[in-house]
Amino acid sequence: MTDLTDGAPSKRTNAAKVRRAAADSRRPGAECKAPAGAFVPIVNRGKCEAKGDCIEVCPYDVFEVGPIDEKDYRALGWVGRLRVRVHGMRTAYTPNADRCLACGLCVVACPENAIRLVEITPEAGKG
């Protein structure tokens with residue numbers, strides 16, 4: 001298994017949270033060997049409570065938490081809108097999704113289970 005607490009590129013990671021997430025049996029990608037950009041983390045904004053655990057475990061600075069975009073807010077159902085309002089109109093975004101190596105730490109660290117990894121296939125880019 002790759003040791004994500006030593007030499008991790010991000011200065012924002014929380015070593016204790018990384019260790020807990022790395023040991024979680026639900027973690028989908030224990031080796032972090034996917035090429036950058038082969039997978040992208042998808043955030044369910046209707047579930048995200050903007051706690052930032054994804055930021056604290058991601059060694060590649062994929063995530064940011066900030067104000068929810070109006071378009072994203074309007075796309076939510078009423079329960080999602082209520083949840084976002086209760087949690088300060090903030091959500092996680094993935095401005096650096098192309099850096100993701102699919103280690104899965106974010107997936108298991110998110111207390112709301114609002115993150116999933118999706119493989120990018122050549123067919124997905126055709127439209």
So the number of lysine pairs in the range 15-119 with alpha-carbon atoms under 26 angstrom apart, 8 or more residues apart or on different chains, is 5
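Between Ala15 and Asp61, how high is the FRET efficiency from 1/(1 + (r/R0)^6) when r is the Cβ-Cβ distance and R₀ = 25 Å? Nearest 0.05.
Working: r = 16 Å, r/R0 = 0.63.
Here the calculated transfer efficiency is 0.95.
What order do you get for 73-86, 36-49 when each peptide is scored by the mean count of other beta carbon atoms within 10 Å, highest first? Please report the intermediate quantities before stating the final value.
Numbers: 73-86: 13.6, 36-49: 18.1.
Ranking, from highest mean packing down: 36-49, 73-86.
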Extension reserve of the Asp69-His87 stretch, reckoned as 0.36 nm per residue once the Cα distance is removed: 5.1 nm
Tell me the net charge near Gly80. Cut-off is 15 Å between Cβ atoms, Gly80 excluded, with +1 for each Lys or Arg and -1 for each Asp or Glu. +3
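Taken together, the values in this text are just the output of simple stated rules run on the coordinates, not laboratory data. Computed from a prediction, not measured in an experiment: that's the story for all the values here. A quick note on method: Cβ atoms are made from the backbone with ideal geometry, for glycine too, and the neighbour counts reach across all protein chains shown.
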